[in-house]
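The structure appears below as structure tokens.
Here, each number is a calculation from the coordinates, and none is a lab measurement. Model, not experiment: these values are computed from the prediction.
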Amino acid sequence: MTKRFLTALSMAVMSVALLAAPATSQEVKVKRLQASPNVTLKQKLGYWVECRYTGLGEECYYVYAKPKGSAKLQRIKVKDSKLQRKGDYYMECRYTGLGQECYYVYAAVKPKKN
């Protein structure tokens, strides 16, 4: 009986602690990467990054794409792909046995301060 009570009490305390804790990790929001003069694409640690110059210096964010058959965004590796400008957006293009496959490229959006 005491063991059940302590187990239930510890679970309740952990639940309250999780609910009361501030959310420190913020979900990354992404949008299609538009081709514009103030955007440069660079290679960093084996991945593509989007870099912009601001009043505080250069800010760089990883670049993502949705591979065929996947719903999740994944960072784009430099060696596997080429980033091309098509129309107003950047695309990740790969050559496969069926020809060239291209996907829209996404980059992180800097959260707005309220």
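Within straight cross-link reach of K79, meaning Cα distance under 15 Å, which aspartates and glutamates are found once same-chain residues fewer than 8 apart are removed? Result set, ordered by chain and number: E92.
For T96 and Y53 in one chain, what is 0.36 nm times their gap in residues minus the Cα-Cα distance, to one decimal in nm? All intermediate terms of the calculation are to be shown ahead of the outcome.
Values: separation 43, 0.36 × 43 = 15.48 nm, distance 3.52 nm.
Gain on extension, T96 to Y53, equals 12.0 nm.
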